[in-house]
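Contents: one structure, followed by commentary.
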Amino acid sequence: SILFFWKFRSKKLILIIFASTFLIDMDHIVDYYNFSGNLRIWNFFSGFNIFVATQKVIVPLHSWELVIILGAWGWFKRMPAVLAVSLAFGGHILIDQFSYMPNPVAYFLILRAPHNFSHFWFNNFYF
């Protein structure tokens with residue numbers, strides 16, 4: 001984000017990066033709804049491990065493909081805000097990758113889908 005500010009001199013882009021880093025986690029609502037069938041937000045924030053309960057990890061925004069698509073789109077269309085979102089999502093996924101130590105390719109949606117978004121596959125490396 002410091003490089004973005006230096007390059008574009010835009011506080012707005014820094015705000016976009018900061019907000020996107022947190023907003024990516026809103027995709028956990030997909031997993032929560034898959035488990036509970038409702039959107040009672042209080043229960044969503046209770047700390048209950050939805051992934052263990054459902055044995056699935058869907059989180060559609062946690063995807064390297066999305067980072068690449070947004071990054072390419074932002075770069076080629078000269079859209080710094082889209083590039084900023086891509087940077088934020090990528091940084092968030094890197095932090096998750098090294099914090100939770102899942103399967104090294106777990107954050108590729110195209111690889112999760114054929115395994116039915118299996119929690120076991122997400123945490124264990126096999127094809």
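Quick notes on this structure:
- Calculated mean projected area of the Cα convex hull in nm² (choose from (1) 11.3; (2) 9.2; (3) 8.7), label: (3)
- Taking all protein chains into account, the per residue accessible area for the range 27-101 stands at 61 Å² (1.4 Å probe).
- Largest first, the residues 75, 42, 64 sort by 1.4 Å accessible area into 42, 75, 64.
- Gap separating the Cα centres of the range 97-124 and the range 49-80, nearest whole Å: 13
- Accessible carbon and sulfur surface of the chain relative to its total accessible area, %, 1.4 Å: 73
- Assigned charges on the beta-carbon of Lys, Arg, Asp, Glu; the chain dipole about Cα centre (debye): 540
- Figure note: 99, 63 ranked by solvent-accessible area, largest first, 1.4 Å probe, ligands and nucleic acids not counted: 99, 63.
The values are calculated or read from the model by the stated rules, or taken from the named source; none is laboratory data. Keep in mind it's a predicted model, so treat the numbers as computed, not measured. FYI the Cβ positions are ideal-geometry reconstructions off the backbone, even for glycines, and counts take in every protein chain you see. We work out accessible area using only protein heavy atoms, side chains counted, and drop any ligands, DNA or RNA first. Shrake-Rupley method; radii C 1.70, N 1.55, O 1.52, S 1.80 Å.
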